[in-house]
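Below you'll find the structure, written out as structure tokens, and then a few comments.
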Amino acid sequence: MARLFDAYIIVDWSAASKPAQGANSIWIGALARDARLKFQFQAANPPTRLKARDMIAGLAERFAARGDKVLIGLDFSLGYPAGTAKAAGLEKAGEPAWKSTFDHLASKLKDKDDNSNRRFAIAAGMNYSMTKGPQPFWGAPARDQITTLSGKKGDFTQSPVAEYRIAEDYVRRNFKAKPKSVWQLYGAGSVGSQSLLGIPTVKALTERLPNSKIWPFETGFQALDEDALETTDIVFAEVYPSLVDAKPGPGEVLDEAQVRALAHHYYDLDEAGKLGPLFGPPEALESTEIAQITTEEGWILLK
């Protein structure tokens, strides 16, 4: 079986409010063919999200222009627990919930050249829309805490939305990993701020890159093969680097090692004909769960 993809771009995102490089900043790893048609890995560490967006787009455009199929893996949540768009008043008639959320975040969160952003204020505003209080988003430095955004997690039994997506619950049950909730914006391992700032970037990239689709929202939650990708050059997928062992080499920081390890991991699966089926749902999922995943929550491309 031929590989589905010819290039693998893995992105380790960051919510930093200032330009940053090194550990805990943005890393982009690309595993693709060189001039001799051999797969080579290269990593880059752009200091801002705008520079990273341009770099991802440039790589994808170059690969697609030569006829490559490209997988872009992003290490942040691409969706929110079912019911979020409704609770926040974002639903639009005839439009899937995930798209309404993408449009809202893209309209509110505009990256700047200096990497500054208003993520805590936007989260507080969404909290007000959903609960009139400090839920469900939580976690912020003291200067950004207000009546609708607390530094501590609230009581999710009183929340209109779940603390975790179906994907996070599944990973917690089946892997030795404990992914954080998309509602947590601050603190060790938190992913919430990266998602708030990453989703607008994905929307901008899909608008710039023709023939690109977001999995599973636009591709369908189904195994992929050559026929499914006939008119699609680029697939965006959520990934979770902690599911793959990554040991930094000489001079590498952990983030760099993770994008390298994950790019090689998906390449190896693809070479063995095992990657395509991972785009479909696990057997354990119910039809109602699959509907929630494809319309609002998204899923993680697991190993």
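Search segment 254-269 for residues being in contact with a helix residue (DSSP H, G or I) (Cβ under 8 Å, 6 or more places away or on another chain) and either hydroxyl-bearing (Ser, Thr, Tyr) or surrounded by fewer than 22 Cβ atoms within 10 Å (Cβ to Cβ) (or both), and hand back the single one that is nearest to residue 182 (Cα to Cα). Give the derivation first.
Taking segment 254-269 as the starting set, the residues that turn out to be in contact with a helix residue (DSSP H, G or I) (Cβ under 8 Å, 6 or more places away or on another chain) are 258-259, 261-262, 269.
This time we only want the ones that are either hydroxyl-bearing (Ser, Thr, Tyr) or surrounded by fewer than 22 Cβ atoms within 10 Å (Cβ to Cβ) (or both), so: 261, 269.
Values: 261: 24, 269: 28 Å.
Applying the filter and picking the extreme gives 261.
When we screen 207, 238, 230, 218 for residues that are surrounded by fewer than 16 Cβ atoms within 10 Å (Cβ to Cβ), within 17 Å of the chain's Cα centre (by Cα) and either of a type in the set (D, E, K, R) or within 29 Å of residue 23 (Cα to Cα) (or both), the only hit is 207. Candidates are the residues of segment 62-92 that are acidic (Asp, Glu) and over 22 Å from residue 226 (Cβ atoms); the one that is surrounded by the fewest Cβ atoms within 10 Å (Cβ to Cβ) is 91. When every residue of segment 115-123 is checked against the conditions, at least one turns out to be buried (at least 16 other Cβ atoms within 10 Å of the Cβ), part of a helix (DSSP H, G or I) and touching a Gly at 6+ places or on another chain (Cβ under 8 Å). For segment 124-145, filtered to residues that are of a type in the set (A, V, I, L, M, F, W, C) and surrounded by 14 or more Cβ atoms within 10 Å (Cβ to Cβ), the residue that is farthest from residue 53 (Cα to Cα) is 130.
Does segment 24-46 hold any residues that are touching a Leu at 6+ places or on another chain (Cβ under 7 Å) and either farther than 14 Å from residue 58 by Cα or of a type in the set (Ser, Thr, Tyr) (or both), and which are they? If the condition is that a residue be touching a Leu at 6+ places or on another chain (Cβ under 7 Å) and either farther than 14 Å from residue 58 by Cα or of a type in the set (Ser, Thr, Tyr) (or both), then 39, 41 are the ones that fit.
From 169, 111, which residue is buried (at least 18 other Cβ atoms within 10 Å of the Cβ), of a type in the set (D, E, K, R) and either part of a strand (DSSP E or B) or more than 16 Å from the chain's Cα centre (by Cα) (or both)?
Working: 169 fails: buried (at least 18 other Cβ atoms within 10 Å of the Cβ).
Unique residue meeting the criteria: 111.
Is one or more of the residues making up segment 26-37 closer than 15 Å to residue 193 by Cβ and out of contact with any Gly (no Cβ under 8 Å at 6 or more places or on another chain)? Scanning segment 26-37 turns up at least one residue that is closer than 15 Å to residue 193 by Cβ and out of contact with any Gly (no Cβ under 8 Å at 6 or more places or on another chain).
The set of residues from segment 212-235 being touching a residue at least 40 places away in the same chain (Cβ under 8 Å), within 15 Å of residue 79 (Cα to Cα) and in a strand (DSSP E or B) comprises just one member, 214.
Look at residue 189 and say whether it is closer than 30 Å to residue 121 by Cα and free of Cβ contacts under 8 Å to residues at least 12 places away in the same chain.
Numbers: closer than 30 Å to residue 121 by Cα: yes; free of Cβ contacts under 8 Å to residues at least 12 places away in the same chain: yes.
Here the answer is yes, as residue 189 does meet what is asked.
When segment 172-196 is examined, which residues are found to be assigned to a loop (DSSP other than H, G, I, E, B) and polar (S, T, N, Q)? Correct list: 181, 190.
Whether any residue in segment 236-246 is modelled with pLDDT under 95, at positive phi and assigned to a loop (DSSP other than H, G, I, E, B) is what I want to check. Checking segment 236-246: not a single residue is modelled with pLDDT under 95, at positive phi and assigned to a loop (DSSP other than H, G, I, E, B). Please go through segment 247-299 and pick out each residue that is of a type in the set (D, E, K, R), closer than 24 Å to residue 44 by Cβ and not in a helix (DSSP H, G or I). Scanning segment 247-299 gives 247, 252.
Give the residue that is nearest to residue 33 (Cα to Cα), with candidates limited to residues of segment 61-96 that are of a type in the set (A, V, I, L, M, F, W, C), in a loop (DSSP other than H, G, I, E, B) and within 17 Å of the chain's Cα centre (by Cα).
Kept after step one, since they are of a type in the set (A, V, I, L, M, F, W, C), are these residues of segment 61-96: 63-65, 70-72, 74, 76, 78, 82, 85, 87-88, 90, 93.
Now drop any that are not in a loop (DSSP other than H, G, I, E, B), which leaves 76, 78, 82, 88, 90, 93.
From what is left, the residues that are within 17 Å of the chain's Cα centre (by Cα) are 76, 78, 82.
Numbers: 76: 26, 78: 28, 82: 39 Å.
Selected residue: 76.
The values are calculated or read from the model by the stated rules, or taken from the named source; none is laboratory data. Quantities reported herein were computed from a predicted structural model and do not represent experimental measurements. Note that each Cβ is placed from the backbone with ideal geometry, even for glycine, and that neighbours are counted across all protein chains shown.
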